[in-house]
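The values are calculated or read from the model by the stated rules, or taken from the named source; none is laboratory data. In this text the structure is predicted, and so the values were computed from the model without any measurement. No Cβ is skipped: glycine too gets one built from the backbone with ideal geometry, and neighbour counts run over all protein chains shown.
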Amino acid sequence: MSYSPPKTPVARLVPQRDLYEPKPARIVRTIDETATEKLFEIELISGNPLGHQPGQFAQVFVPAIGEAPISLASAPNGRKSFDMCIRRIGDVTGALHKLQPGSLVGIRGPLGHGFPVDELKGHDVLIVGGGIGLVPLRGLIQAVLAERKNYGRVIIFAGFKTPADMMFRDELAEWQANSDIEMHISIDRAHPDWDGHVGVITTFFPEVELNAARTKAVIVGPPIMYRFVITECRLKGIADDDMILSLERRMRCGVGKCGHCQINSKYCCLDGPVFKYSDLKFMWEAI
């Protein structure tokens, strides 16, 4: 008898204790990426790897403050620690920004569905990241580069509002210098500190030739960006089933209990946050 994998989202299959009980973890180091974003390297006190895939997220708990869902910003790649790039926008993230290396936090996860890394193998991969959307994509890029021979062309479009909003500057420079990657970086408007490409991220599409039949596009960014990037991908001939999006929409509990991230019959925290566009078209107007 042939085996069919369960259709139930991964988060619904993990042990209940792992869903609800934070694992003790320690902040290993922090790096200020921008005025509002900070990169955290974190490791579980148990010494075990988190066991995540690029595109998943975890709930980060700060004692006496609360918890928040945060994207995982690194690929496993044999590491026991993992990265999160956290924007300071509320009580929990504000408290996290004040913590120093050695501080303890709680981690619930990994949660949700990540990017289909294996499904991308054998294809050209177009990665489109707008602003903080580059955070979950960083893990995907690391995973692809770790097995570079298994992929075709790797094309990256990274767009930021201003030079001051750029994250992962050292890695951006490394990716630009890597002949195995076609790297394109832009800022929205001309700035005295920037001599590169100027314009919104969609301005790259006319400049780059794609083989639509073998290209899969992975898109993460602010909601307004999706409509325009999806239109450009379609104009290039990329099928709806070959466009992959991440929707971190109003997630709160991370396990499908609170309903804040529900869109019709879908829960971003359980059924996503990664979706194929072909699975989203019916509810796109609700987003």
Tally up the residues in region 26-56 that are farther than 18 Å from GLY90 by Cβ and surrounded by fewer than 18 Cβ atoms within 10 Å (Cβ to Cβ), please. 12
Filtering region 228-250 down to residues that are among the charged types (D, E, K, R) and at pLDDT below 90, which residue is farthest from PRO273 (Cα to Cα)? ARG250
Checking ASN264 against (1) modelled with pLDDT of 90 or more; (2) in contact with a helix residue (DSSP H, G or I) (Cβ under 7 Å, 6 or more places away or on another chain); (3) over 23 Å from GLN53 (Cβ atoms): exactly one of these is not met. Which one? (1)
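Let's see how each residue does on (1) hydroxyl-bearing (Ser, Thr, Tyr); (2) under 18 Å from the mean Cα position of the chain (by Cα); (3) modelled with pLDDT under 95:
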site: GLY102; (1), (2), (3): no, no, no
site: ILE107; (1), (2), (3): no, yes, no
site: GLY114; (1), (2), (3): no, yes, yes
site: ILE127; (1), (2), (3): no, yes, no
site: GLY131; (1), (2), (3): no, yes, yes
site: VAL135; (1), (2), (3): no, yes, no
site: VAL154; (1), (2), (3): no, yes, no
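Output the number of residues of region 57-72 satisfying the condition of being buried (at least 24 other Cβ atoms within 10 Å of the Cβ) and in a loop (DSSP other than H, G, I, E, B).
To start, the set of residues in region 57-72 that are buried (at least 24 other Cβ atoms within 10 Å of the Cβ) comprises 57-60, 70-72.
Keeping just the survivors that are in a loop (DSSP other than H, G, I, E, B) gives 72.
Number of matching residues: 1.
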